[in-house]
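The values are calculated or read from the model by the stated rules, or taken from the named source; none is laboratory data. Given the structure is predicted, the values throughout are model-derived calculations rather than measurements. A quick note on method: Cβ atoms are made from the backbone with ideal geometry, for glycine too, and the neighbour counts reach across all protein chains shown. In case anyone asks, the SASA skips ligands and DNA or RNA and just uses the protein heavy atoms, side chains included. Shrake-Rupley method; radii C 1.70, N 1.55, O 1.52, S 1.80 Å.
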Amino acid sequence: MSDSACSCCKSVAAAARGENARLIHTFEHCIWIVGQHGFHRGYTMLVYRGQVKDLHELSRDVQRGLFEELMTATRVAAQLYQPWKMNHSSYGNVVPHIHWHIFPRYMDDPDRLAHPWIHADRFGEKNLSEEETRSIAMTLRDALAADV
Ligand SMILES: [Zn+2]
């Protein structure tokens, strides 16, 4: 089930067609994709592959599987980018489709004690080109393949 107006569904469908430049990896329950900006170096997203609005609607088995995928993506990004802290956010108020934002946070961010959206008005200054996106996806894909 998908919704053609939903940006998460579009990303999942493009990944399934082999046409998603942001795709790092397709897990059983989610796709892992490069974020749209590089404001937080190594920012990625985990998007559930079905059109479901809220986490509590999933079966417990799927919740567990999704959490394992979230932890795998987080661990791989943390090992690669060596941030001060990893932040997760999952709201779905704007796009009501289960997804997580995975933000590495760094010591040189003077606002690191605040939530990552505090800089949302500046994210667009660091939008990634398709070439940068593909390069980051490949780097994370290699790091995932080396993860044990
Ligand atoms: Zn959707």
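Selection within the stretch 74-92: residues that are under 17 Å from residue 47 (Cα atoms) and in contact with a helix residue (DSSP H, G or I) (Cβ under 8 Å, 6 or more places away or on another chain). The member of this set that is most open to solvent (accessible area, probe 1.4 Å) is 88. If you go through the stretch 67-85 and pick out every residue that is free of Cβ contacts under 8 Å to residues at least 60 places away in the same chain and out of contact with any strand residue (DSSP E or B) (no Cβ under 6 Å at 6 or more places or on another chain), you end up with 4. When 55, 80, 70 are screened for being within 16 Å of the ligand (Cβ to nearest atom) and either closer than 30 Å to residue 112 by Cβ or under 12 Å from the mean Cα position of the chain (by Cα) (or both), only 55 passes.
Note on the stretch 1-51: enclosed strands (runs of 3 or more DSSP E) holding 1 or more residues that are surrounded by fewer than 20 Cβ atoms within 10 Å (Cβ to Cβ) are 23-26.
Residues that are closer than 30 Å to residue 108 by Cα, of a type outside the set (Lys, Arg) and touching a strand residue (DSSP E or B) at 6+ places or on another chain (Cβ under 9 Å): does the stretch 46-54 have at least one? Yes, the stretch 46-54 contains at least one residue that is closer than 30 Å to residue 108 by Cα, of a type outside the set (Lys, Arg) and touching a strand residue (DSSP E or B) at 6+ places or on another chain (Cβ under 9 Å).
For every residue, the table says whether it meets (1) free of Cβ contacts under 8 Å to residues at least 24 places away in the same chain; (2) among the β-branched types (Val, Ile, Thr); (3) open to solvent by 30 Å² or more (accessible area, probe 1.4 Å).
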site: 101; (1), (2), (3): no, no, no
site: 105; (1), (2), (3): no, no, no
site: 110; (1), (2), (3): yes, no, yes
site: 139; (1), (2), (3): no, yes, yes
site: 144; (1), (2), (3): no, no, no
site: 148; (1), (2), (3): yes, yes, yes
